[in-house]
Amino acid sequence: MTGPEGYADLGYARPDLDREQRSGLPEVVYGPGKTPEAISGVVRELLAANTGPVLVTRIEAGAAAEVAVPGGTYDAAARLLVWRPAPSRGFRVVVASAGTSDAPVAAEAAAVAAAVGLEVHEIRDVGVAGLHRLLAEREVLAAADTVVCVAGMEGALASVVGGLVGCPVVAVPTSVGYGAALEGVTALLAMLTSCAAGVVVVNIDSGFGAAMAAHRLAHAADRRAAAR
């Protein structure tokens with residue numbers, strides 16, 4: 001049941017029904033570890049209490065097919081279920097991935113960003129081992145309101161992009177790489193110590209976290225525009 005505290009008590013979960021009012025987006029459901037029945041119950045509450053998009057992240061195709069809530073669409077590459085995707089509000093996010101092995105994380109970042117109403121442009125396979133590939137996209141990068149850089153191995157892409165653009169850069173280290181890549185720790189530390197001032201870093205493989213960072217930037221811009 002929904003109470004005055006701003007959440008619904010389902011017994012097994014307490015969906016935060018006021019989060020859209022606070023942050024501009026309903027609570028997002030993390031799929032792993034939850035049954036399709038539990039996910040269905042939470043999604044129903046969020047849809048009924050909010051007007052914006054409702055998302056379930058990191059959910060595999062078999063479980064997604066068992067979520068018994070009509071109207072959802074599933075993106076297999078991003079492992080994302082979405083109800084009521086938001087219309088684009090013109091905040092342009094470029095998702096740049098270093099290599100094709102980074103594609104699953106980049107797909108999550110792009111799909112989540114698009115679902116919450118950001119205008120997404122993807123540039124793929126532009127890692128620094130072939131820097132000319134990235135430089136060929138300089139006009140696309142220059143037009144961005146935010147760039148999300150997805151890279152494993154030594155994580156250098158975020159530093160290079162950070163030196164090329166003036167907009168916020170959100171770096172996503174991935175667990176791609178051989179032994180000394182340490183399942184993404186090397187890329188994480190490299191991005192945290194980037195010489196390109198102002199690059200911000202999210203957790204390893206967290207395309208979702210990067211998209212949410214871009215959403216917060218867009219939400220702040222929307223509030224400033226509304227206040228004028």
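The values are calculated or read from the model by the stated rules, or taken from the named source; none is laboratory data. This one's a predicted model, so the numbers in the text were calculated from it and none came from an experiment. Neighbour counts are summed over all protein chains in view; Cβ atoms, including those assigned to glycine, are modelled from backbone coordinates with ideal geometry. Surface accessibility is based on the protein's heavy atoms, side chains included, excluding ligands, DNA and RNA. Shrake-Rupley method; radii C 1.70, N 1.55, O 1.52, S 1.80 Å.
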| query | What is region 76-139 by shape, rounded, prolate or oblate, if you read a ≥ b ≥ c off the alpha carbon gyration tensor as root eigenvalues and call it rounded for a/c under 1.5, prolate for a/b larger than b/c, and oblate otherwise? | reply | oblate
| note | region 82-126 and region 41-63 have their Cα centres apart by a whole-number Å value of 19 Å
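Return the equivalent ellipsoid semi-axes of the chain as a descending list in whole Å, where each equals the square root of 5 times an eigenvalue of the C-alpha gyration tensor. List each step's numbers first, then the result.
Details: eigenvalues 203, 83, 44 Å².
Over the Cα atoms of the chain, the semi-axes work out to 32, 20, 15 Å.
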| Sites excluded, chymotrypsin sites (Phe, Trp or Tyr not before Pro) in DSSP loops with at most 12 other C-beta within 10 Å, longest stretch of the chain | 13-177
| request: Kindly list the residues of region 164-191 that lie in the label zone of His121, defined by a backbone N under 17 Å from the point 7 Å along the Cα-to-C-beta vector. | output: 164-170
| request: Might you work out the accessible area of Ser194 for me, using a 1.4 Å probe with all protein chains in place, and round it to the nearest 10 Å²? | output: 30 Å²
| query | Roughly to the nearest percent, how much of the accessible area of the chain is carbon and sulfur, given a 1.4 Å probe? | reply | 56 percent
| said: Quick check for you: with a 1.4 Å probe and neighbouring chains kept, what is the accessible area per residue of region 102-193, in Å²? | reply: 42 Å²
| said: Show me the GluC sites (Glu not before Pro) within region 39-113 that DSSP assigns to loop and that have at most 13 other Cβ atoms within 10 Å of their Cβ. | reply: Glu60, Glu66
